[in-house]
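The values are calculated or read from the model by the stated rules, or taken from the named source; none is laboratory data. What you see is a predicted model; the values in this text were computed from it and never measured. Every residue, glycine as well, gets a Cβ built from its backbone with ideal geometry; the counts of neighbours run over all protein chains shown. Ligands, DNA and RNA are stripped out before the accessible areas are found, and what is left, the full protein with its side chains, is counted by its heavy atoms. Shrake-Rupley method; radii C 1.70, N 1.55, O 1.52, S 1.80 Å.
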Amino acid sequence: MEENGKMSEADVQETQVQVRFTTKLRDEFRVVSTPFAVPSSLTRYGLSEVINALLGRDKPIPFDFLLDDELIRTSLEDLLLAKNLSAESILNIEYIPAVVPPIPKESQLHDDWVSAVDASLASYIVTGSYDTFARLWSVAGTCVGVLEGHTDAITSVSVIPTPGLIDAALALLLFQPLKAVSHGDNISIVTGSKDRTLRMWKVPTDNSSSIKTVKPTRCFKGHTSSVQSVAASPSGMQICSGSWDSSIMLWRTSEDALEPEEEEIAKKRKLAGPDVDTQLAETEVSAKATFDGHTQCVSAVAWAAEDYLFSVSWDHSVRSWNVETGANTSTMSCSKALHCLSVGGEGSALLATGGADNVLRVWDPRIVGVVAPILQLTSHKGWITSCKWHPRSTFHLLSASHDGTIKVWDTRAKVPLYTVEAHKDKVLCADWWKEDCIVSGGADSKLSIMREAKFNL
(Lines give C-alpha, C1' and ligand atoms only; values in the text may rest on other atoms or scores of the structure.)
Protein backbone atom coordinates (compact mmCIF):
# COMPACT_ATOMS: atom_id res chain seq x y z
CA MET A 1 0.00 0.00 0.00
CA GLU A 2 1.41 3.39 -1.01
CA GLU A 3 1.08 6.59 1.01
CA ASN A 4 -2.31 8.40 0.87
CA GLY A 5 -4.21 5.23 0.01
CA LYS A 6 -3.18 4.66 -3.63
CA MET A 7 -2.96 1.14 -5.05
CA SER A 8 0.29 -0.84 -5.03
CA GLU A 9 1.19 -4.36 -6.09
CA ALA A 10 0.47 -5.57 -2.54
CA ASP A 11 -3.13 -4.43 -2.84
CA VAL A 12 -4.11 -7.55 -4.79
CA GLN A 13 -3.67 -9.63 -1.67
CA GLU A 14 -5.73 -7.33 0.56
CA THR A 15 -9.38 -7.65 1.45
CA GLN A 16 -11.62 -6.70 -1.46
CA VAL A 17 -14.80 -4.61 -1.40
CA GLN A 18 -17.51 -4.58 -4.06
CA VAL A 19 -18.22 -1.08 -5.40
CA ARG A 20 -20.46 0.36 -8.08
CA PHE A 21 -19.46 3.81 -9.38
CA THR A 22 -22.07 6.36 -10.46
CA THR A 23 -21.86 9.98 -11.53
CA LYS A 24 -23.94 12.88 -12.83
CA LEU A 25 -21.10 14.07 -15.06
CA ARG A 26 -21.22 14.00 -18.86
CA ASP A 27 -21.08 10.65 -20.70
CA GLU A 28 -17.37 11.02 -21.49
CA PHE A 29 -16.62 10.94 -17.74
CA ARG A 30 -18.80 7.92 -16.93
CA VAL A 31 -17.54 4.42 -16.24
CA VAL A 32 -19.41 1.13 -16.43
CA SER A 33 -21.98 0.64 -13.68
CA THR A 34 -21.12 -3.04 -13.15
CA PRO A 35 -19.91 -3.74 -9.59
CA PHE A 36 -16.30 -4.86 -9.21
CA ALA A 37 -13.81 -5.45 -6.42
CA VAL A 38 -11.25 -2.93 -5.13
CA PRO A 39 -8.92 -3.14 -2.11
CA SER A 40 -10.66 -2.19 1.14
CA SER A 41 -7.66 -0.06 2.12
CA LEU A 42 -8.33 2.48 -0.65
CA THR A 43 -9.08 6.05 0.34
CA ARG A 44 -10.45 8.76 -1.96
CA TYR A 45 -7.02 9.20 -3.54
CA GLY A 46 -6.87 5.54 -4.56
CA LEU A 47 -10.49 5.66 -5.75
CA SER A 48 -9.63 8.67 -7.91
CA GLU A 49 -6.77 6.67 -9.39
CA VAL A 50 -9.21 3.85 -10.20
CA ILE A 51 -11.64 6.18 -11.98
CA ASN A 52 -8.89 7.81 -14.02
CA ALA A 53 -7.60 4.35 -15.02
CA LEU A 54 -11.10 3.25 -16.08
CA LEU A 55 -11.49 6.44 -18.10
CA GLY A 56 -8.11 5.86 -19.72
CA ARG A 57 -6.93 9.38 -19.01
CA ASP A 58 -3.27 10.22 -19.54
CA LYS A 59 -3.70 13.43 -17.53
CA PRO A 60 -5.49 12.52 -14.26
CA ILE A 61 -8.43 14.52 -12.95
CA PRO A 62 -8.90 14.69 -9.16
CA PHE A 63 -12.24 13.25 -8.08
CA ASP A 64 -14.08 13.15 -4.78
CA PHE A 65 -16.52 10.45 -3.65
CA LEU A 66 -19.89 10.30 -1.91
CA LEU A 67 -21.57 7.48 -0.07
CA ASP A 68 -25.10 8.20 1.17
CA ASP A 69 -24.53 11.91 0.40
CA GLU A 70 -21.46 12.07 2.64
CA LEU A 71 -17.93 12.69 1.39
CA ILE A 72 -15.61 9.74 1.94
CA ARG A 73 -12.75 10.74 4.22
CA THR A 74 -11.55 7.34 5.45
CA SER A 75 -10.53 4.03 3.89
CA LEU A 76 -13.33 1.80 2.57
CA GLU A 77 -12.59 -0.64 5.38
CA ASP A 78 -13.12 2.01 8.05
CA LEU A 79 -16.21 3.18 6.21
CA LEU A 80 -17.76 -0.31 6.40
CA LEU A 81 -17.09 -0.40 10.14
CA ALA A 82 -18.47 3.09 10.75
CA LYS A 83 -21.67 2.31 8.90
CA ASN A 84 -21.91 -1.23 10.28
CA LEU A 85 -21.97 -2.75 6.79
CA SER A 86 -20.98 -6.27 5.79
CA ALA A 87 -17.84 -6.83 3.74
CA GLU A 88 -20.12 -8.48 1.15
CA SER A 89 -22.12 -5.27 0.70
CA ILE A 90 -22.01 -3.49 -2.64
CA LEU A 91 -21.10 0.17 -2.04
CA ASN A 92 -22.83 2.56 -4.44
CA ILE A 93 -20.30 5.36 -4.66
CA GLU A 94 -20.88 8.58 -6.59
CA TYR A 95 -17.85 10.43 -7.93
CA ILE A 96 -17.73 14.19 -8.42
CA PRO A 97 -15.03 16.70 -9.40
CA ALA A 98 -12.76 17.42 -6.45
CA VAL A 99 -12.39 20.99 -5.25
CA VAL A 100 -8.71 21.85 -5.58
CA PRO A 101 -6.78 24.42 -3.51
CA PRO A 102 -6.52 27.91 -5.01
CA ILE A 103 -3.34 29.30 -6.48
CA PRO A 104 -2.07 32.48 -4.77
CA LYS A 105 -1.85 35.07 -7.53
CA GLU A 106 -1.00 38.46 -6.07
CA SER A 107 -1.39 40.64 -3.00
CA GLN A 108 -2.00 44.37 -2.78
CA LEU A 109 -0.65 46.35 0.17
CA HIS A 110 -2.81 48.92 1.99
CA ASP A 111 -1.76 51.49 4.58
CA ASP A 112 -3.54 49.67 7.42
CA TRP A 113 -5.67 46.59 8.14
CA VAL A 114 -7.89 45.40 5.30
CA SER A 115 -11.09 44.96 7.26
CA ALA A 116 -13.73 44.48 4.55
CA VAL A 117 -13.98 43.10 1.02
CA ASP A 118 -16.79 42.71 -1.53
CA ALA A 119 -16.03 40.71 -4.68
CA SER A 120 -19.57 40.39 -6.03
CA LEU A 121 -18.68 42.13 -9.30
CA ALA A 122 -16.81 40.14 -11.94
CA SER A 123 -14.68 43.10 -13.04
CA TYR A 124 -13.73 44.74 -9.74
CA ILE A 125 -12.98 44.11 -6.07
CA VAL A 126 -13.93 46.61 -3.34
CA THR A 127 -11.94 46.82 -0.10
CA GLY A 128 -12.29 48.81 3.09
CA SER A 129 -9.40 49.62 5.39
CA TYR A 130 -8.59 50.97 8.81
CA ASP A 131 -6.77 53.79 7.00
CA THR A 132 -10.30 55.31 6.47
CA PHE A 133 -10.32 54.66 2.71
CA ALA A 134 -12.23 52.22 0.54
CA ARG A 135 -10.60 51.17 -2.73
CA LEU A 136 -11.68 49.77 -6.07
CA TRP A 137 -9.37 47.20 -7.70
CA SER A 138 -9.40 45.99 -11.29
CA VAL A 139 -9.10 42.39 -12.52
CA ALA A 140 -5.40 43.06 -13.08
CA GLY A 141 -4.98 43.89 -9.38
CA THR A 142 -4.56 47.61 -9.99
CA CYS A 143 -6.13 50.22 -7.73
CA VAL A 144 -8.40 52.34 -9.94
CA GLY A 145 -10.32 54.27 -7.29
CA VAL A 146 -9.86 55.63 -3.77
CA LEU A 147 -13.06 56.42 -1.87
CA GLU A 148 -12.31 59.29 0.47
CA GLY A 149 -14.70 60.70 3.04
CA HIS A 150 -14.78 58.69 6.28
CA THR A 151 -12.96 60.04 9.33
CA ASP A 152 -12.31 56.71 11.03
CA ALA A 153 -11.69 53.06 10.14
CA ILE A 154 -13.97 51.39 7.58
CA THR A 155 -15.52 48.20 8.94
CA SER A 156 -17.79 47.02 6.13
CA VAL A 157 -18.37 47.48 2.38
CA SER A 158 -21.17 46.39 0.07
CA VAL A 159 -21.72 46.81 -3.66
CA ILE A 160 -25.23 48.12 -4.35
CA PRO A 161 -26.97 46.27 -7.20
CA THR A 162 -28.04 48.62 -10.01
CA PRO A 163 -29.71 47.91 -13.38
CA GLY A 164 -27.24 46.03 -15.55
CA LEU A 165 -24.89 45.29 -12.66
CA ILE A 166 -26.08 42.20 -10.79
CA ASP A 167 -24.06 41.32 -7.72
CA ALA A 168 -23.52 37.80 -6.42
CA ALA A 169 -26.43 37.87 -3.97
CA LEU A 170 -28.92 39.06 -6.56
CA ALA A 171 -27.53 36.69 -9.19
CA LEU A 172 -28.05 33.85 -6.75
CA LEU A 173 -31.64 34.85 -6.03
CA LEU A 174 -32.47 35.30 -9.73
CA PHE A 175 -30.36 32.32 -10.94
CA GLN A 176 -28.51 34.61 -13.31
CA PRO A 177 -24.78 34.70 -14.06
CA LEU A 178 -22.55 37.34 -12.57
CA LYS A 179 -22.26 40.34 -14.89
CA ALA A 180 -19.14 42.25 -15.77
CA VAL A 181 -19.04 46.02 -15.54
CA SER A 182 -18.89 47.90 -18.84
CA HIS A 183 -16.66 50.93 -19.17
CA GLY A 184 -18.69 54.03 -18.45
CA ASP A 185 -20.96 52.34 -15.91
CA ASN A 186 -21.20 53.76 -12.40
CA ILE A 187 -20.62 51.36 -9.52
CA SER A 188 -22.65 52.16 -6.42
CA ILE A 189 -21.01 51.24 -3.11
CA VAL A 190 -21.98 51.67 0.53
CA THR A 191 -19.46 51.65 3.38
CA GLY A 192 -19.77 51.58 7.16
CA SER A 193 -17.27 53.09 9.56
CA LYS A 194 -16.22 53.58 13.14
CA ASP A 195 -17.09 57.26 12.56
CA ARG A 196 -20.75 56.18 13.16
CA THR A 197 -21.84 56.81 9.56
CA LEU A 198 -22.54 54.99 6.34
CA ARG A 199 -21.52 56.61 3.08
CA MET A 200 -22.66 55.95 -0.46
CA TRP A 201 -20.41 56.33 -3.49
CA LYS A 202 -20.91 56.32 -7.25
CA VAL A 203 -17.64 55.30 -8.87
CA PRO A 204 -17.32 55.85 -12.65
CA THR A 205 -15.46 53.24 -14.67
CA ASP A 206 -13.48 53.98 -17.82
CA ASN A 207 -10.32 52.96 -19.65
CA SER A 208 -8.14 55.40 -17.73
CA SER A 209 -5.20 53.90 -15.86
CA SER A 210 -5.07 56.80 -13.40
CA ILE A 211 -6.35 56.40 -9.86
CA LYS A 212 -9.55 58.36 -9.22
CA THR A 213 -10.28 59.99 -5.87
CA VAL A 214 -14.02 59.68 -5.31
CA LYS A 215 -16.10 61.65 -2.80
CA PRO A 216 -19.31 60.24 -1.28
CA THR A 217 -22.68 61.32 -2.64
CA ARG A 218 -24.59 60.55 0.57
CA CYS A 219 -23.93 60.27 4.25
CA PHE A 220 -26.32 58.13 6.31
CA LYS A 221 -26.47 59.38 9.90
CA GLY A 222 -28.35 57.97 12.86
CA HIS A 223 -26.23 55.42 14.68
CA THR A 224 -24.83 56.55 18.02
CA SER A 225 -21.82 54.23 17.94
CA SER A 226 -19.52 52.57 15.40
CA VAL A 227 -21.16 50.99 12.36
CA GLN A 228 -19.97 47.38 12.19
CA SER A 229 -21.84 45.98 9.18
CA VAL A 230 -23.69 47.10 6.06
CA ALA A 231 -25.57 45.20 3.37
CA ALA A 232 -27.49 46.26 0.27
CA SER A 233 -30.82 44.60 -0.54
CA PRO A 234 -31.19 42.45 -3.69
CA SER A 235 -32.93 45.30 -5.55
CA GLY A 236 -30.39 47.89 -4.43
CA MET A 237 -33.23 50.09 -3.18
CA GLN A 238 -32.51 49.53 0.52
CA ILE A 239 -29.52 49.28 2.84
CA CYS A 240 -29.40 47.87 6.35
CA SER A 241 -26.68 48.48 8.91
CA GLY A 242 -25.69 47.01 12.26
CA SER A 243 -23.91 48.97 14.96
CA TRP A 244 -22.20 48.84 18.31
CA ASP A 245 -25.26 50.76 19.58
CA SER A 246 -27.10 47.38 19.34
CA SER A 247 -29.51 48.61 16.67
CA ILE A 248 -30.21 47.78 13.03
CA MET A 249 -31.14 50.70 10.80
CA LEU A 250 -32.87 50.63 7.44
CA TRP A 251 -32.07 53.19 4.76
CA ARG A 252 -33.38 54.00 1.28
CA THR A 253 -30.93 54.55 -1.57
CA SER A 254 -33.21 56.23 -4.13
CA GLU A 255 -33.63 60.00 -4.25
CA ASP A 256 -37.40 59.45 -4.26
CA ALA A 257 -37.05 58.50 -0.60
CA LEU A 258 -35.33 61.72 0.48
CA GLU A 259 -36.92 64.20 2.86
CA PRO A 260 -37.65 67.67 1.34
CA GLU A 261 -34.51 69.27 2.80
CA GLU A 262 -32.40 66.28 1.77
CA GLU A 263 -33.83 66.44 -1.75
CA GLU A 264 -32.98 70.14 -1.99
CA ILE A 265 -29.33 69.45 -1.13
CA ALA A 266 -29.25 66.65 -3.71
CA LYS A 267 -30.57 69.02 -6.38
CA LYS A 268 -27.92 71.62 -5.52
CA ARG A 269 -25.24 68.97 -5.76
CA LYS A 270 -26.39 67.99 -9.25
CA LEU A 271 -26.48 71.61 -10.43
CA ALA A 272 -23.07 72.39 -8.95
CA GLY A 273 -21.32 69.62 -10.85
CA PRO A 274 -18.42 67.37 -9.91
CA ASP A 275 -16.08 70.07 -8.54
CA VAL A 276 -18.46 71.18 -5.81
CA ASP A 277 -17.28 71.44 -2.19
CA THR A 278 -17.49 68.15 -0.28
CA GLN A 279 -19.95 69.50 2.29
CA LEU A 280 -22.44 70.32 -0.45
CA ALA A 281 -21.72 67.19 -2.49
CA GLU A 282 -22.64 64.87 0.35
CA THR A 283 -26.38 64.60 1.01
CA GLU A 284 -27.25 63.60 4.57
CA VAL A 285 -29.90 60.88 4.81
CA SER A 286 -31.94 59.80 7.82
CA ALA A 287 -32.90 56.21 8.62
CA LYS A 288 -36.22 54.91 7.35
CA ALA A 289 -36.62 52.55 10.32
CA THR A 290 -34.78 51.20 13.36
CA PHE A 291 -34.99 47.58 14.50
CA ASP A 292 -34.33 46.99 18.19
CA GLY A 293 -33.88 43.67 19.94
CA HIS A 294 -30.17 42.89 20.14
CA THR A 295 -28.49 43.78 23.42
CA GLN A 296 -24.90 44.04 22.15
CA CYS A 297 -23.02 44.92 18.97
CA VAL A 298 -24.81 43.89 15.76
CA SER A 299 -21.78 42.44 14.04
CA ALA A 300 -23.31 41.31 10.72
CA VAL A 301 -26.48 41.76 8.67
CA ALA A 302 -27.58 39.92 5.52
CA TRP A 303 -30.64 40.02 3.27
CA ALA A 304 -32.59 36.82 2.56
CA ALA A 305 -35.08 38.66 0.34
CA GLU A 306 -36.20 42.23 -0.27
CA ASP A 307 -38.56 42.06 2.71
CA TYR A 308 -36.59 39.77 5.00
CA LEU A 309 -33.17 39.97 6.64
CA PHE A 310 -31.01 38.28 9.26
CA SER A 311 -28.57 39.61 11.85
CA VAL A 312 -26.04 38.25 14.33
CA SER A 313 -24.67 39.86 17.44
CA TRP A 314 -22.20 39.72 20.25
CA ASP A 315 -25.24 38.86 22.39
CA HIS A 316 -24.89 35.27 20.98
CA SER A 317 -28.10 35.45 18.93
CA VAL A 318 -29.16 35.04 15.31
CA ARG A 319 -32.32 37.00 14.55
CA SER A 320 -34.65 37.29 11.58
CA TRP A 321 -36.58 40.46 10.77
CA ASN A 322 -39.64 41.41 8.75
CA VAL A 323 -38.45 44.52 6.95
CA GLU A 324 -41.93 45.95 6.39
CA THR A 325 -43.08 45.69 10.01
CA GLY A 326 -39.72 45.69 11.81
CA ALA A 327 -40.80 42.60 13.76
CA ASN A 328 -38.16 40.24 15.12
CA THR A 329 -39.74 37.05 13.73
CA SER A 330 -37.38 34.45 15.18
CA THR A 331 -34.35 34.15 17.43
CA MET A 332 -31.73 31.39 17.57
CA SER A 333 -28.75 31.34 19.87
CA CYS A 334 -25.45 29.72 20.77
CA SER A 335 -22.88 30.03 23.56
CA LYS A 336 -20.53 32.55 21.91
CA ALA A 337 -20.50 36.06 20.50
CA LEU A 338 -21.07 35.97 16.74
CA HIS A 339 -19.01 38.00 14.26
CA CYS A 340 -20.09 37.05 10.73
CA LEU A 341 -23.09 35.82 8.78
CA SER A 342 -23.87 34.48 5.29
CA VAL A 343 -27.14 33.37 3.68
CA GLY A 344 -26.95 30.55 1.13
CA GLY A 345 -26.74 26.79 0.87
CA GLU A 346 -29.75 24.62 0.13
CA GLY A 347 -32.51 26.74 -1.37
CA SER A 348 -30.49 29.83 -0.41
CA ALA A 349 -32.14 29.36 2.97
CA LEU A 350 -29.35 28.24 5.29
CA LEU A 351 -27.25 30.51 7.49
CA ALA A 352 -23.55 30.21 8.24
CA THR A 353 -22.07 32.06 11.21
CA GLY A 354 -18.71 32.40 12.89
CA GLY A 355 -17.73 33.99 16.16
CA ALA A 356 -15.58 34.05 19.27
CA ASP A 357 -14.46 30.44 19.02
CA ASN A 358 -13.26 28.06 16.32
CA VAL A 359 -16.71 26.75 15.34
CA LEU A 360 -18.35 27.45 11.97
CA ARG A 361 -22.07 27.01 12.62
CA VAL A 362 -24.77 26.23 10.05
CA TRP A 363 -28.40 27.01 10.87
CA ASP A 364 -31.71 26.20 9.18
CA PRO A 365 -34.28 28.85 10.12
CA ARG A 366 -36.98 26.94 8.21
CA ILE A 367 -37.16 24.28 10.93
CA VAL A 368 -39.86 25.41 13.36
CA GLY A 369 -38.88 25.23 17.01
CA VAL A 370 -35.18 24.56 16.38
CA VAL A 371 -33.07 27.31 17.93
CA ALA A 372 -29.64 25.67 17.68
CA PRO A 373 -27.31 25.06 14.72
CA ILE A 374 -27.88 21.94 12.59
CA LEU A 375 -24.16 21.55 11.84
CA GLN A 376 -20.95 22.60 13.59
CA LEU A 377 -17.61 22.49 11.77
CA THR A 378 -14.37 22.79 13.72
CA SER A 379 -10.83 23.07 12.40
CA HIS A 380 -9.71 26.68 12.94
CA LYS A 381 -7.40 27.48 15.85
CA GLY A 382 -8.76 30.98 16.46
CA TRP A 383 -11.86 33.14 16.28
CA ILE A 384 -13.76 33.13 12.98
CA THR A 385 -14.02 36.57 11.40
CA SER A 386 -15.69 35.88 8.06
CA CYS A 387 -17.77 33.21 6.33
CA LYS A 388 -19.39 33.07 2.90
CA TRP A 389 -21.51 30.54 1.03
CA HIS A 390 -20.39 29.83 -2.52
CA PRO A 391 -22.63 31.78 -4.96
CA ARG A 392 -23.42 28.66 -7.01
CA SER A 393 -22.82 25.58 -4.88
CA THR A 394 -25.33 24.32 -2.34
CA PHE A 395 -22.63 22.66 -0.26
CA HIS A 396 -19.53 24.85 -0.31
CA LEU A 397 -18.58 27.76 1.91
CA LEU A 398 -15.44 29.46 3.15
CA SER A 399 -14.35 30.73 6.54
CA ALA A 400 -11.54 33.04 7.65
CA SER A 401 -9.97 33.28 11.06
CA HIS A 402 -7.62 35.04 13.44
CA ASP A 403 -5.41 31.96 13.04
CA GLY A 404 -4.28 33.41 9.69
CA THR A 405 -6.00 30.83 7.52
CA ILE A 406 -8.93 30.51 5.12
CA LYS A 407 -10.71 27.16 4.98
CA VAL A 408 -13.07 25.89 2.30
CA TRP A 409 -15.74 23.44 3.44
CA ASP A 410 -18.21 21.00 1.96
CA THR A 411 -21.13 20.51 4.34
CA ARG A 412 -21.15 16.80 3.43
CA ALA A 413 -17.90 16.36 5.38
CA LYS A 414 -16.80 17.30 8.89
CA VAL A 415 -13.28 18.32 7.83
CA PRO A 416 -12.34 21.19 5.49
CA LEU A 417 -11.58 20.46 1.84
CA TYR A 418 -8.42 22.53 2.15
CA THR A 419 -6.73 25.26 4.17
CA VAL A 420 -4.99 28.30 2.71
CA GLU A 421 -2.37 30.38 4.51
CA ALA A 422 -2.61 33.60 2.54
CA HIS A 423 -1.75 36.07 5.31
CA LYS A 424 1.00 36.48 7.89
CA ASP A 425 -1.45 37.81 10.49
CA LYS A 426 -5.16 37.62 11.31
CA VAL A 427 -7.53 37.22 8.34
CA LEU A 428 -10.29 39.80 8.80
CA CYS A 429 -12.45 39.30 5.70
CA ALA A 430 -12.87 36.98 2.71
CA ASP A 431 -15.15 36.53 -0.28
CA TRP A 432 -15.63 34.43 -3.40
CA TRP A 433 -14.72 36.19 -6.64
CA LYS A 434 -15.86 35.07 -10.09
CA GLU A 435 -16.92 31.79 -8.45
CA ASP A 436 -13.51 30.13 -8.79
CA CYS A 437 -11.34 32.66 -6.95
CA ILE A 438 -11.00 33.74 -3.33
CA VAL A 439 -10.06 37.21 -2.12
CA SER A 440 -9.21 38.12 1.46
CA GLY A 441 -7.94 40.94 3.63
CA GLY A 442 -5.98 40.85 6.84
CA ALA A 443 -4.17 42.54 9.68
CA ASP A 444 -1.03 42.32 7.56
CA SER A 445 -2.60 45.17 5.53
CA LYS A 446 -2.83 43.02 2.39
CA LEU A 447 -5.54 42.17 -0.10
CA SER A 448 -4.79 38.63 -1.24
CA ILE A 449 -6.15 37.30 -4.55
CA MET A 450 -6.15 33.54 -5.07
CA ARG A 451 -7.25 31.84 -8.26
CA GLU A 452 -8.66 28.31 -8.31
CA ALA A 453 -7.69 25.68 -10.84
CA LYS A 454 -10.73 24.65 -12.87
CA PHE A 455 -11.43 21.41 -14.71
CA ASN A 456 -13.76 21.37 -17.71
CA LEU A 457 -16.27 18.78 -16.50
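A few points about this structure:
- Only one of the numbered conditions (1) crowded, with 21+ Cβ neighbours inside 10 Å; (2) without any contact (Cβ under 8 Å) to a residue 40 or more places away in the chain is violated by Ala140, and that is (1).
- Pairing each residue of segment 282-302 that is under 25 Å from Ser333 (Cα atoms) with any residue that is of a type in the set (Val, Ile, Thr) and not in a strand (DSSP E or B), provided the two are 6+ apart or on different chains, yields C-beta distances under 9 Å for Ala289/Val323; Phe291/Val323.
- Residues (surrounded by fewer than 18 Cβ atoms within 10 Å (Cβ to Cβ) and assigned to a strand (DSSP E or B)) located in segment 331-368: Thr331, Ser333
- Scope segment 313-334; condition in contact with a Cys (Cβ under 9 Å, 6 or more places away or on another chain) and among the aliphatic types (A, V, I, L, M); matching residues: Val318, Val323
- Identity of the residue in segment 197-215, at pLDDT below 95 and crowded, with 18+ Cβ neighbours inside 10 Å, that ends up farthest from Glu255 (Cα to Cα): Thr205
- Residue, surrounded by the fewest Cβ atoms within 10 Å (Cβ to Cβ), within segment 34-71, restricted to residues that are touching a Leu at 6+ places or on another chain (Cβ under 6 Å) and farther than 19 Å from Phe395 by Cβ: Ser40
- The set of residues from segment 369-380 being among the aliphatic types (A, V, I, L, M), open to solvent by 60 Å² or more (accessible area, probe 1.4 Å) and within 22 Å of Pro391 (Cα to Cα) comprises just one member, Ile374.
- Which numbered condition Thr74 fails, given (1) open to solvent by 60 Å² or more (accessible area, probe 1.4 Å); (2) part of a loop (DSSP other than H, G, I, E, B): (1)
- Leading residue by the ranking (modelled with the lowest pLDDT) among those in segment 162-196 that are open to solvent by less than 10 Å² (accessible area, probe 1.4 Å) and either of a type in the set (Ser, Thr, Tyr) or under 21 Å from Ala349 (Cα atoms) (or both): Ala171
Here is a yes/no grid of residues against (1) in the same structural domain as Cys334 (by the TED database); (2) touching a Lys or Arg at 6+ places or on another chain (Cβ under 8 Å); (3) charged (D, E, K, R); (4) at pLDDT 95 or above:
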{"position": "Ser386", "(1), (2), (3), (4)": "yes, no, no, yes"}
{"position": "Trp389", "(1), (2), (3), (4)": "yes, no, no, yes"}
{"position": "Arg392", "(1), (2), (3), (4)": "yes, no, yes, no"}
{"position": "Gly404", "(1), (2), (3), (4)": "yes, yes, no, yes"}
{"position": "Asp410", "(1), (2), (3), (4)": "yes, no, yes, yes"}
{"position": "Asp425", "(1), (2), (3), (4)": "yes, no, yes, yes"}
{"position": "Trp432", "(1), (2), (3), (4)": "yes, yes, no, yes"}
{"position": "Cys437", "(1), (2), (3), (4)": "yes, yes, no, no"}
{"position": "Ser440", "(1), (2), (3), (4)": "yes, no, no, yes"}
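- Taking the criterion of being over 16 Å from the mean Cα position of the chain (by Cα) and surrounded by fewer than 21 Cβ atoms within 10 Å (Cβ to Cβ), the residues of segment 108-129 that qualify are Gln108, Leu109, Asp111, Asp112, Ser123.
- Looking only at segment 390-433, and only at residues there that are part of a loop (DSSP other than H, G, I, E, B) and in contact with a helix residue (DSSP H, G or I) (Cβ under 9 Å, 6 or more places away or on another chain), the one that is farthest from Leu338 (Cα to Cα): Arg392
- Checked against the criteria, Ser158 counts as closer than 21 Å to Phe220 by Cα and either out of contact with any helix residue (DSSP H, G or I) (no Cβ under 9 Å at 6 or more places or on another chain) or of a type in the set (Ser, Thr, Tyr) (or both).
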